[in-house]
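Have a look at the structure below, then the notes.
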Amino acid sequence: MVGAPVGQHGDVDPHDETPFLDAGELVGMLADDDRRLVLAALVLGATDEADVRRTTGLEPRRSVRALQRLVDAGLVTRGDDGTLHLLTEAFRLAARAAAAARPAADEHGDAPAEVAKVMRAFVRDGRLLSIPAVHSKRLVILDWLAQQFEPGRKYSESMVNLVLGRYHADTAALRRYLVDEGYLDRDRGEYWRSGGTFDPK
C-alpha cells in the first residue's frame, strides 16, 4: 500500500492493507538512533533518500540501512519514482491495539470482596443484568440500588421508577423488594431511603 506522501499527512484508508506492528514492535524498531533520525526526517518533510541524508546528517551507508529497516517493517514505502511515503496509519493501529489489550477497569474493585463478587456477577457497565434469586445476593444488589437515593429526600413513585430504570427495566419488582427489605419506606405515595449502607463522608 502507498501511504500519504511525507509532508501530506492525510489519513490512510483503514480498509487499505496497512502492515500491522504491535506497540512493542514499534518501540523496538525505534530503539535505534539512526532509525529514529530517519523517521524524524520523514515526519519533518523529507521525501527521498537525498532529503533524508541532508536532514539527518547520517553518512549514506547508515542512512540507507536505517531507511531499509523502516521499509522492511512496513512503516515506509517507496513510490515508483523513489518518493518515500510514511505509513502513519501503522502507528494509529498499534496505539488502538495496545489500548484494546489493556485490562478493563474493575468497576467494583473498591467494594469488599464478597460484595464485589456478587456485583461482578450481576452488574456490567452500571446496569443490572438480572435480579438475583438468592436472597443474600439480592440484598447486595438492593443495598447498591438504595445508595442511588439521597438520604433525607422524598421521592414520588415516578421518581423512584426513573432512578431504578437507569439500572434495570423491572422497576416495579425492584421497588417492591426495596420496600419489603427496609431499604426504602413508603407513605401516601412518597418514598424515602430508610436503610442500606451510608457513606460516612
May I ask for log10 I(q)/I(0) of region 72-182 at q = 0.18, 0.20, 0.22 Å⁻¹, from a Debye sum over the Cα atoms as equal point scatterers with solvent left out? -0.94, -1.07, -1.20
What nm distance separates the two modelled labels at A173 and D185, each placed 7 Å from Cα along Cα→Cβ? 2.8
Please compute the volume of the convex hull spanned by the alpha-carbon atoms of region 159-198 and report it per residue in Å³. 72
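FYI, it's all coordinate maths here, none of it is from the lab. Model, not experiment: these values are computed from the prediction. FYI the Cβ positions are ideal-geometry reconstructions off the backbone, even for glycines, and counts take in every protein chain you see.
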